[in-house]
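Report on the following structure.
The values are calculated or read from the model by the stated rules, or taken from the named source; none is laboratory data. Everything numeric here is computed off the predicted structure, so don't read it as measured data. All Cβ positions, even for glycine, are placed from backbone atoms using ideal geometry, and neighbour counts span all protein chains on display. In case anyone asks, the SASA skips ligands and DNA or RNA and just uses the protein heavy atoms, side chains included. Shrake-Rupley method; radii C 1.70, N 1.55, O 1.52, S 1.80 Å.
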Amino acid sequence: MPHDVLDFRSDTVTRPTPAMRKAMAEAEVGDDVLGDDPTVLRLQERVAGILGKEAALFVPSGTMSNLIAVRLHCKPGEEFLCEAGCHVYNFEQAGYAQLCGVAARAVEGTHGVLRVEQLEGLIRPDNAHFARTRMVALENTHNRGGGRIQPYAHVEAITRWAHDHGLTTHLDGARLFNAVVATGIEPTRWTRHFDTVSVCFSKGLGAPVGSALSGPRDWIAEAVRHRKVLGGGMRQAGVLAAAALFALEHHVDRLAEDHANAQRLAEGIRGIDRLRLDPPTVDTNLVFFHVDRAWGPAAEFSAELKRRGLLMLATSPTMIRAATHLDVDRDDVERAIGILAEVAALRRPSQRPAEVS
Ligand SMILES: *Cc1c(COP(=O)(O)O)cnc(C)c1O
């Protein structure tokens with residue numbers, strides 16, 4: 001994408017910086033399937049350390065990380081509890097069902113946030129009629145919840161309830177570092193409530209590829225087998241692990257800039273007629289807003305933005321998502337607000353005079 005295009009579609013669109021590319025080019029590598037890529041081993045140790053877990057495994061994507069987690073927690077005929085808008089349930093092709101024979105029981109939260117009372121009573125009795133309830137999965141920050149940070153007390157209450165009832169817990173922490181930076185709550189304080197934790201390097205951290213799954217040493221040893229059968233064993237993966245190590249070193253604290261830029265974008269949107277933030281407040285780097293139905297479909301709105309060099313994602317007939325990230329700065333945000341205001345002021349596209357198109 002040329003730089004004059006403002007790309008707010010996702011925090012995955014970032015390009016590796018020159019310094020990150022240099023770290024990748026200079027990475028010492030081996031064969032990670034044979035277990036001797038030193039950079040991958042270093043990354044895995046570093047991630048385990050940051051997350052306070054015994055071990056971690058480098059995997060190609062967050063989808064694979066979550067899928068492996070499900071296989072570690074649940075056998076065929078078992079189920080997990082999750083929030084209805086979460087990524088595992090909605091955006092991973094129900095891989096838990098297709099590939100693991102596992103069911104999900106989804107409970108509607110408020111902007112991705114569940115209360116423990118909503119889960120109480122959902123553990124199925126031990127009876128041949130029922131799937132066995134095994135695990136609770138939470139997502140922090142919550143993507144479809146608008147980048148919502150899970151309230152710490154809810155995380156504590158839900159995971160305590162789960163463990164007290166013999167369930168295990170998994171955290172989809174694709175954007176955990178956004179929650180860490182926004183709250184000042186250390187990674188280990190979030191992660192200690194979970195048996196397994198997945199984090200992504202390719203979202204706000206700006207690496208081109210990769211996620212990691214962390215947990216107990218014997219679970220992660222088993223995870224290596226699952227990664228292999230899913231086709232996720234990589235050879236000289238140190239080149240990629242080097243980017244992830246660089247991102248952990250240099251791109252965590254700066255997430256605060258993305259959050260400040262998202263606040264500015266939200267403030268701009270609040271001032272534009274026909275656009276409405278949902279949720280009305282922004283916690284981290286994701287900004288969702290509705291386009292008034294009188295204007296027309298969100299997809300047409302985003303097409304008009306695109307004509308003016310601004311990319312945002314229509315995520316429903318009325319909703320648009322914008323993400324701030326490493327490759328958009330404050331000036332880009334100001335330009336984006338100007339374009340949003342210009343497009344919002346257009347009449348319905350079908351009523352537009354021809355010269356505008
Ligand atoms: C992006 C994302 C993932 C994983 O996505 P991949 O594209 O497979 O890396 C998982 N969970 C959440 C919440 C995400 O936003």
Worksheet, complete the sentence: With a 1.4 angstrom probe the carbon and sulfur portion of accessible area for the chain, in percent, totals 50
Item to complete: Over the stretch 67-137, consider all pairs of different Cα atoms and compute the Kirkwood hydrodynamic radius from their mean reciprocal separation; express it in Å, one decimal.
Response: 12.4
Worksheet item: Over all Cα pairs of the stretch 26-89, how is the pair count split among 5 Å bins, expressed in % and running from 0 up to the last occupied bin?
Response: 4, 14, 17, 21, 19, 11, 8, 5, 1, 0
Response to the item:
The ³J(HN,Hα) series, computed from each phi in the stretch 90-100 with the Karplus coefficients 6.51, -1.76 and 1.60 at θ = phi - 60°, rounded to the nearest Hz and given as x for glycine or proline, is 9, 10, 10, 6, 6, x, 4, 8, 4, 10, 10
Worksheet item: Once Rh is set to the Kirkwood radius over Cα pairs, what Stokes-Einstein translational diffusion coefficient, in µm²/s, holds for the stretch 201-356 at a temperature of 20 °C and a viscosity of 1.002 mPa s?
Response: 119
Worksheet item: For the stretch 183-218, which trypsin sites (Lys or Arg not before Pro) are in a loop by DSSP, counting at most 16 other Cβ atoms within 10 Å?
Response: Arg192
Fill in: Centroid-to-centroid separation of the stretch 152-173 and the stretch 3-30 [C-alpha atoms, Å]
35
Discussion item. Can you give me the long-range amide H partners of Gly109? Hydrogens built in the peptide plane at 1.01 Å from N, cutoff under 5 Å, separation of 5 or more residues or another chain.
Written reply: Ala84, Gly85
Worksheet entry | Value of relative contact order over the stretch 49-114, rounded to a whole percent, pairs C-alpha under 8 Å and six or more apart | 33
Discussion item. Sequence gap at least 6, Cα distance under 8 Å: using those rules, report the relative contact order of the chain to the nearest whole percent.
Written reply: 24
Worksheet, complete the sentence: Shape call for the stretch 44-167, from the Cα gyration tensor axes a ≥ b ≥ c (a/c under 1.5 means rounded, otherwise prolate when a/b beats b/c, else oblate), comes out rounded
Worksheet item: With θ set to phi - 60° and the Karplus curve 6.51 cos²θ - 1.76 cosθ + 1.60, what are the ³J(HN,Hα) couplings of the stretch 204-215 in order, to the nearest whole Hz, using x for Gly and Pro?
Response: x, 6, x, 7, x, 8, x, 9, 9, 10, 10, x
Worksheet item: With all pairs of different alpha carbon atoms counted, what Kirkwood hydrodynamic radius in Å does the stretch 163-251 show?
Response: 14.3
Practice prompt. Determine the distance separating the Cα centre of the stretch 290-345 from the Cα centre of the stretch 97-136; give it in Å without decimals.
Written response: 36
Fill in: Loop-located trypsin sites (Lys or Arg not before Pro) in the stretch 36-125 whose Cβ has at most 16 other Cβ within 10 Å (DSSP)
Arg115
Practice prompt. Using the heavy atoms of the protein chains and a 1.4 angstrom probe, tell me the accessible area per residue for the stretch 81-126 in square angstrom.
Written response: 50
Worksheet entry | Cβ-based charge dipole, the stretch 213-311, positive-most Cα from Leu240, Leu277, Ala266 | Leu240
Fill in: Mean accessible surface per residue for the stretch 17-76, computed with a 1.4 Å probe while every protein chain stays in place, in Å²
46
Worksheet item: Which net charge results when you count Lys and Arg as +1 and Asp and Glu as -1 among the other residues whose beta-carbon is under 14 Å from that of Gly233?
Response: 0
Worksheet item: Between Arg9 and residues 5 or more places away or on another chain, which pairs have amide H atoms under 5 Å apart, with H built 1.01 Å from N, and which residues are they?
Response: Ala323
Worksheet item: If you build the Cα gyration tensor of the chain and take the root of 5 times each eigenvalue, what three semi-axes come out, in whole angstrom, biggest first?
Response: 35, 26, 17
